[in-house]
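Chemist: Sharing a structure below in structure tokens format, with a few things to ask.
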Amino acid sequence: MFIPKMQAFPKILAFAIAILAMLVSFAVYPLLSGSVPVHWNAAGQADGYGEPWMAALIMALVLLLFVTIPKIAVFKKNMKSFEKQYWLLGLVIELFFLMFYAITLLPNFGVETGFSQLFSLPLGFMFIAIGLLMPSFKRNFFVGIRTPWTIASDKVWNKTHKFGGTLFVAAGIVSLATAFLLPGGQSVLAIVAVVLAAALAAVAYSYFEFRKGGKNKLR
């Protein structure tokens, strides 16, 4: 009996979720009245529509990207060293798109609810998961906080990702809170502001860590 290694489970689950999304697309297509909402304005109102299979296609393309990246990476050894966490990241992204896909289908089945609040929940969980995974990322050009200063130094990379991971977990918690505390599109705007602040703070931190260490001491 074939039993996959534990580190392969995130990869297997990511593929399983993508396949599930594709099967759901075929199953629900005859039941849909037409296109599904794919974009919402600041007030939380749908202002863009697309085909119901678009989310499943995006999920498949994300998986293709995740499969390709380790093959073309410059720091192949580093990518290999956090392979499990790399695919956990892929799994998190696939789960996010699956939840997003489910939300876009709700109006076709008569479920009317505040999209902004509903969307804030998977978004918050995704940021928390990414924040928890960040400290395990090793220096590479594809995932993580990639600045000239983190790419130049393992020390700066590691310290920045510990700091950035904490910021993203905090941003995720705030995102979850906005779903219950803020009305309509205000929750989405608050999430964008918080995540942007966290990202900018992490970039600034990487710069100051690089300057503090001195370029001759960094490796």
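Chemist: For region 1-22, enumerate the residues that are surrounded by 13 or more Cβ atoms within 10 Å (Cβ to Cβ), at pLDDT below 85 and not small (G, A, S).
Modeler: Of everything in region 1-22, those that are surrounded by 13 or more Cβ atoms within 10 Å (Cβ to Cβ), at pLDDT below 85 and not small (G, A, S) turn out to be Q7, M22.
Chemist: I'd like to know if region 119-131 contains one or more residues that are under 23 Å from I72 (Cβ atoms) and modelled with pLDDT of 95 or more. Steps first, please.
Modeler: First pass over region 119-131, keeping only residues under 23 Å from I72 (Cβ atoms): 130.
This time we only want the ones that are modelled with pLDDT of 95 or more, so: 130.
Checked region 119-131: at least one residue is under 23 Å from I72 (Cβ atoms) and modelled with pLDDT of 95 or more.
Chemist: In this structure, is S120 among the hydroxyl-bearing types (S, T, Y) and under 22 Å from L196 (Cα atoms)? Explain how you work it out, then say what you get.
Modeler: Values: among the hydroxyl-bearing types (S, T, Y): yes; under 22 Å from L196 (Cα atoms): yes.
When the stated conditions are applied, S120 passes them.
Chemist: Right, next: List the helices (runs of 4 or more DSSP H) inside region 62-177, counting only whole elements, that have at least 1 residues being in contact (Cβ under 8 Å) with a residue 12 or more places away in the chain and of a type in the set (V, I, T). Lay out the reasoning, then the answer.
Modeler: Working: elements: 76-81, 83-105, 115-133, 148-151.
Helices (runs of 4 or more DSSP H) meeting the threshold: 83-105, 115-133, 148-151.
Chemist: Identify, from the list L65, L95, L61, L31, the residue that is modelled with pLDDT under 90 and among the aliphatic types (A, V, I, L, M). Even if it seems obvious, please write down each step before you answer.
Modeler: Values: L65 fails: modelled with pLDDT under 90; L95 fails: modelled with pLDDT under 90; L61 fails: modelled with pLDDT under 90.
Testing whether each residue is modelled with pLDDT under 90 and among the aliphatic types (A, V, I, L, M) leaves just L31.
The values are calculated or read from the model by the stated rules, or taken from the named source; none is laboratory data. All values derive from a computational prediction rather than experimental measurement. Note: ideal-geometry Cβ built from the backbone for every residue, glycine included; neighbour counts use all protein chains shown.
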